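Below is one structure, written out as structure tokens; comments come after it.
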Amino acid sequence: MPVLQHLWIIPLLPLLGAAANGLLGRRWSRAATNIVALGFTGLAFAATCELLREFAILGPVQVPWIRSYFTWILAGTFRADYALQVDQLTLVMLLVVTGVGWLIHLYSTGYMADDAGYRRFFSYLNLFMFFMLTLVLGANYLVLFVGWEGVGLCSYLLVGFWFLKKTATDAGNKAFWVNRVGDFGFLLGLFLMFRQFGSLDFGAVFGRAAGMPVETGGHGVITAMALLLLAGATGKSAQIPLYVWLPDAMEGPTPVSALIHAATMVAAGVYMVARSNVLFLHAPAAMKAVAVIGCLTAFFAATIALVQTDIKKVLAYSTISQLGYMFLGCGVGAFSAGIFHLMTHAFFKALLFLGAGSVMHALGGEQDMRKMGGLRKSIPWTFATMLAAALALSGAPGFSGFFSKDEILVAVRSGPYANTALYALGTLTAGLTAFYIFRLIFLTFYGAPRYDEHAVHVHESPSNMLIPLIVLGVLSVVGGWFAAPILVGGTNFFDKFLAPVFSAVRMAPAAEAASAGAAFLGALLGLPVLVGLAGFLVAWWFYIRRPDMPAKVAASLSAPYTLLAGKYFVDELYSQVIVRPLLWLSTNVLWHGVDERVIDGAVNGVAHDLREAGDGLRHLNSGSTRSYAVWVVLGAIALTTVLVWAVR
């Protein structure tokens with residue numbers, strides 16, 4: 001049965017796994033839970049691989065391939081079908097979601113082995129994959145939005161998975177509400193889109209938008225539409241000013257951080273912007289907003305990551321920073337480079353989170369890097385794979401992040417939307433990235449142990465946790481080699497593969513135009529690589545050569561250090577300016593004022609009057625026959641009077 005004819009199979013498989021474990025999981029063993037959770041997601045990955053094969057046979061003439069299954073909503077002139085589509089961009093996202101997602105499921109069987117909510121956890125993970133697959137397969141914005149809201153729901157469930165911890169439930173609530181702010185803007189964008197184009201289908205919207213003039217004046221209906229979509233993307237992909245939920249989301253289990261907050265859900269905003277490239281290319285002001293927000297977020301989050309001591313918090317701010325790079329790439333028209341970095345980032349950042357989980361597993365749950373050290377010989381597989389991921393993240397030549405991140409910076413420097421200031425800030429961020437990730441590596445794996453060696457039995461993780469680390473480690477090394485031929489004057493095969501999706505983009509002259517030797521030297525000795533090397537050397541000097549230096553620098557620069565350690569006190573600012581006023585308003589005005597005094601007062605007043613009337617009528621039941629006779633006579637007189645008056 002060709003998968004192209006039945007695209008619904010791919011999202012349905014994890015949904016069946018979620019339903020089976022959620023409804024029937026208590027009746028079977030954990031082994032059966034594993035078979036269901038891993039089996040259905042593995043089948044989804046296998047179906048995606050088969051889809052890739054069938055897609056390759058069809059050739060580029062046949063894409064995008066759209067399949068409409070039934071009419072979902074029909075109201076007046078508005079029609080929305082449950083329609084799925086597949087093109088090159090869809091395939092990339094499907095492979096990332098199902099492939100990396102399956103590895104994280106496998107890892108979770110070891111990491112969550114002793115958790116009481118084991119079956120519930122896998123039910124949530126499968127449900128998340130269903131909604132994420134719905135998001136990337138949707139052929140219109142309404143189906144995409146269903147998946148968009150679904151992954152938000154699953155994020156709430158998984159971040160607050162350990163619901164007996166107040167910090168976990170608070171983090172889940174925060175993620176939910178912050179995303180609702182962005183989603184409100186997204187919905188307004190969809191309403192405006194329907195008002196303008198009369199449809200939410202990708203084909204209809206993009207076809208009609210392509211025929212409209214570019215809004216060079218900085219205002220217009222497409223600009224407003226794109227900016228509203230961007231508002232939704234900033235929430236889902238944790239960009240300024242709606243990034244604050246993601247660091248707190250580390251309260252969830254580590255596999256959740258790897259799946260939702262590194263490899264898939266947070267990439268939804270980047271995917272949506274790239275999918276909507278026709279709209280954004282007709283709104284230069286919106287393109288600039290995407291680039292500026294992305295670059296500022298990348299730099300801002302990287303500075304915070306410099307001083308964090310919680311290993312997962314460092315990676316959380318790193319994720320925010322790398323998402324900023326993806327937005328920067330999309331904002332300068334390098335949509336393919338942004339998606340390329342989305343893919344490579346899924347490899348090495350998922351690996352870093354899973355590696356952090358392996359470190360925590362070895363140390364009995366410890367997350368503070370100041371209480372680690374000297375672990376590279378005790379857990380060598382975890383160390384080797386995390387080192388590969390760190391090199392990929394820092395953009396070391398030959399590793400996956402080198403190809404994708406440097407391609408973005410090349411576009412910022414010389415593409416059709418080139419911007420010198422953004423290039424300088426993006427390059428500086430590359431140096432900060434190398435510093436904070438090797439600070440993590442050195443504090444965790446080098447130096448003398450800073451934990452109680454008698455109280456903690458350090459041990460390597462079991463094979464079901466190590467196998468995903470090794471696979472992701474290999475992908476962190478070779479995952480960017482689709483672009484490797486460009487170093488010697490060849491073709492960037494990833495760009496070529498996605499070219500039909502981004503055909504409207506006017507690209508700058510590619511590196512193929514340069515000589516092979518110049519292209520190779522330019523990539524290896526480029527400014528981002530040199531700045532990244534400088535960041536690595538500073539981290540080495542601080543944490544290997546002179547481990548006393550960080551404390552001295554923090555003491556001499558106490559004000560900047562306090563600012564970074566406090567994360568610029570943005571959460572405190574939001575609490576004072578937004579959260580507390582809203583709580584005061586809801587408590588004193590809506591609750592005590594409206595609810596208690598107006599609504600309850602009116603209801604209680606009516607109830608009091610009715611109770612008094614009923615009490616008065618109750619006293620009429622005196623038990624006296626003479627009294628009843630008087631009331632019968634009076635009633636007869638009253639009834640006769642009414643009838644006579646009515647006849648006249």
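The values are calculated or read from the model by the stated rules, or taken from the named source; none is laboratory data. Quantities reported herein were computed from a predicted structural model and do not represent experimental measurements. Note: ideal-geometry Cβ built from the backbone for every residue, glycine included; neighbour counts use all protein chains shown. The accessibility values were calculated without ligands, DNA or RNA, using every heavy atom of the protein model including side chains. Shrake-Rupley method; radii C 1.70, N 1.55, O 1.52, S 1.80 Å.
With contacts taken as Cα pairs under 8 Å at a separation of at least 6 residues, the range 1-88 carries a relative contact order of 30 percent. In terms of distances greater than 22 angstrom between alpha carbons, the cross-link table entries Lys377/Lys552; Lys405/Lys496; Lys174/Lys405 yield Lys377/Lys552; Lys174/Lys405.
Placing Asp452, Asp183, Asp114 in order of accessible area, with the largest value first and a 1.4 Å probe, yields Asp114, Asp452, Asp183. Nearest 10 degrees is fine. How inclined is helix 463-478 to the longest principal axis of the chain, computing both from alpha carbons? Helix 463-478 sits roughly 60 degrees off the main axis of the chain. For the chain, the residue among Leu537, Pro2, Cys295 whose Cα projects farthest onto the positive side of the dipole built from Cβ charges is Leu537. With respect to the chain, whose longest principal axis is taken over its alpha-carbon atoms, helix 335-362 is tilted by about 90°. For the chain, the convex hull drawn through the C-alpha positions has a volume of 254 cubic angstrom per residue. Give me the percent of the accessible area of the chain that comes from carbon and sulfur atoms, probe 1.4 Å, all protein chains in place. Carbon plus sulfur share of accessible area: 69 percent. In the complete set of protein chains, residue-level accessible area for Met112 is approximately 0 Å², probe 1.4 angstrom.
Of the residues His457, His282, the one with the largest accessible area comes first in the ranking His457, His282, computed with a 1.4 Å probe on protein heavy atoms. With contacts taken as Cα pairs under 8 Å and at least 6 residues apart, the range 173-241 reaches a relative contact order of 50 percent.
Rounded to the nearest 500, the 222 nm mean residue ellipticity of the chain from helices alone is -21000 deg cm²/dmol, with -39,500 (n - 2.57) taken per DSSP H run of at least 4 residues. Taking the Cα centre of the range 60-135 as origin, work out the dipole magnitude from +1 charges on Lys and Arg Cβ and -1 charges on Asp and Glu Cβ, in debye rounded to 20. Dipole about the Cα centre, nearest 20: 180 debye. Per residue, the chain exposes 43 Å² of solvent-accessible protein surface, assessed with a 1.4 angstrom probe and all protein chains in place. Length gained on full extension, Ala448 to Ala31: 146.1 nm, using 0.36 nm per residue less the C-alpha separation.
Dipole magnitude for the range 342-432: computed about the Cα centre from +1 point charges on Lys and Arg Cβ and -1 point charges on Asp and Glu Cβ, it is near 180 debye.
For the chain, the Cβ-based charge dipole about the Cα centre amounts to some 180 debye (Lys, Arg positive; Asp, Glu negative; other atoms uncharged). If you take the beta carbon distance between Ala555 and Phe163 as r and set R0 to 45 Å, what does 1/(1 + (r/R0)^6) give as a FRET efficiency, to the nearest 0.05? The pair Ala555/Phe163 has a calculated efficiency of 0.65. Quick one: angle between helix 118-137 and the longest Cα principal axis of the chain, in degrees between 0 and 90, rounded to 10, please. Approximately 80 degrees, to the nearest ten. A DSSP coil position with no more than 13 other Cβ atoms inside 10 Å describes the following trypsin sites (Lys or Arg not before Pro) in the range 123-203: Lys165. Below 8 Å, C-alpha to C-alpha, sequence gap of six or more: please give me the relative contact order for the range 287-329 in percent. Result for the range 287-329 is 57 percent.
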